[in-house]
Amino acid sequence: MKEEIWIEKYRPFKLDDVVGQSETVERLRSYIQTRNLPHLLFSGPPGVGKTATAVSIARELFADSWQENFTELNASDERGIDIVRTKIKNFAKTSPIGGADFKIIFLDEADALTSDAQSALRRTMERYTNNCRFILSCNYSSKIIEPIQSRCAVYRFRPLSDEAVAERVRLVAESEGLDIADDGVDAIKYVAQGDMRKAINGLQAAALIADTIHKDAIYKITATARPEQVRELIETALSGNFTAAREHLDSFLLEQGLSGEDVVGQIYRAMFELDIPERKMVELVDVIAEVDFRLTEGANERIQLESLLAHFALSGTE
Ligand SMILES: Nc1ncnc2c1ncn2[C@@H]1O[C@H](COP(=O)(O)OP(=O)(O)OP(=O)(O)O)[C@@H](O)[C@H]1O
């Protein structure tokens, strides 16, 4: 039998199960009590509970008929206006079922809609507002047109705290009868950076390769360099030893399978734990930002990373 995916198995069903977003959840709970809902806009990074919260709201409001009165669409599947014209309208125009006062449309990645599609969505929201409430989810609320933002109550979801991630990971491990060492939990916190989906997926993947989960399994399975290796890379480069730093880089890219963007991201995170004078830090962060941008533009990753190390090596010898 195919094993169930843990992020689904441990998906929150009630608002109480959503961890680490207590302020937001508390405010949302009042809508359940009054059994009314404005249009909502959830913004925040991936894997922090936006979808889980929307589903929990529907379950709590509609009980047994929640599936008939709730639909989830992903705007990035069909970026254009068609998703608004067809799927959203078709669902919005039919009456709620089982005595519910309205239906809920959850539109994930709403910031992927073009602005024309967002304008059409805004008209649909107005037209069907008696029948239907929208919960829009996005990573960046600035990419949502102002007329939609002003029609929604906006809720910002934060990256989850390390404590919230650790607690949930331990709970999942315990339910699955899995041994996880403290350094394994620490590694998951480091890798996840507040993204619970990443944390639980990492745990499940590591469970396939190790009986007791230690940090090595987590770093290996998530293609993440260990923090101490990253520190060593930076220190080697800053000491002016470009050739040795390049060898570290080879190990990241060729042996551990990191992408260029992963390496830059990890270097950036490690910088602030090192004792680097303010002025030099400013210069180096500027270089990191430039290389990061070039990588997203598709520049050659090895050349860019080596240029980053070259800057570090030169700045160290100044
Ligand atoms: N706050 C949370 N409490 C408990 N579990 C969570 C939380 N956030 C995420 N999860 C876990 O991660 C999975 C994915 O979360 P969810 O789909 O809600 O993320 P999201 O914020 O909507 O992300 P995206 O923006 O990528 O759609 C959930 O099924 C659940 O297992």
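Derivation of every value follows stated rules applied to the coordinates shown; laboratory data play no part. This is a predicted model, so every value here is computed, not measured. Please note: Cβ atoms are built from the backbone with ideal geometry, for glycine as well, and neighbour counts cover all protein chains shown.
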- prompt: Roughly how big is segment 227-317's charge dipole about its Cα centre, with Cβ charges of +1 (Lys, Arg) and -1 (Asp, Glu), in debye to the nearest 20?
  reply: 180
Evaluated over the chain, the Cα radius of gyration and Dmax, each in Å: 23.1, 74
query: Which of V55, F106, S119 sits closest to the plus end of the dipole of the chain, meaning its Cα is farthest towards the positive end, when Lys and Arg get +1 and Asp and Glu get -1 on the C-beta?
result: S119
field: Exposed trypsin sites (Lys or Arg not before Pro) absent - longest run of the chain, DSSP non-H/G/I/E/B, at most 16 other C-beta within 10 Å
entry: 152-318
task: Please report, in debye to the nearest 20, how large the charge dipole of the chain is about its Cα centre when each Lys and Arg carries +1 at its beta carbon and each Asp and Glu carries -1 there.
output: 1920
field: Relative counts (whole %) of C-alpha pair distances in segment 227-317, using bins that are 10 Å wide
entry: 17, 58, 24, 1
- line: Taking alpha-carbon centroids only, segment 69-144 lies from segment 1-59 a number of Å equal to 18
task: With an 8 Å cut-off on Cα pairs and a minimum separation of 6 or more residues, tell me the relative contact order of the chain in percent.
output: 16
message: Taking the 0 to 90 degree range and rounding to the nearest ten, how far is the long axis of helix 278-296 tilted relative to the main principal axis of the chain, both from C-alpha atoms?
response: 60
task: Work from the charge dipole of segment 227-317 (Cβ charges, +1 for Lys and Arg, -1 for Asp and Glu, about the Cα centre) and give the residue of G298, A245, A313 farthest towards its positive end.
output: A313
- prompt: Where the eigenvalues come from the Cα gyration tensor of segment 162-222, what are the semi-axes √(5λ) of the equivalent ellipsoid, largest first, in whole Å?
  reply: 14, 13, 10
task: Sequence neighbours fewer than 8 away in the same chain don't count; with that in mind, list the aspartates and glutamates whose C-alpha is under 16 Å from K280.
output: E235, E290, E318
task: About the Cα centre of segment 1-68, how large is the charge dipole given +1 on each Lys and Arg Cβ and -1 on each Asp and Glu Cβ? Please answer in debye to the nearest 20.
output: 140
message: Check which residues have an amide H placed less than 5 Å from R133's amide H, if you skip close sequence neighbours.
response: K103, I104, I105
- request: Report the calculated FRET efficiency for D64 and V154 (r = Cβ-Cβ distance, R0 = 30 Å), to the nearest 0.05.
  value: 0.50
query: Once every DSSP H run of n ≥ 4 in the chain is given -39500 (n - 2.57) and the sum is divided by its residues, what mean residue ellipticity at 222 nm do you get, rounded to the nearest 500 deg cm²/dmol?
result: -16000 deg cm²/dmol
message: Here is the link list: K14/K103; K9/K215; K14/K89; K50/K220; K50/K215. Which ones come out longer than 21 Å on Cα distance?
response: K9/K215; K14/K89; K50/K220; K50/K215
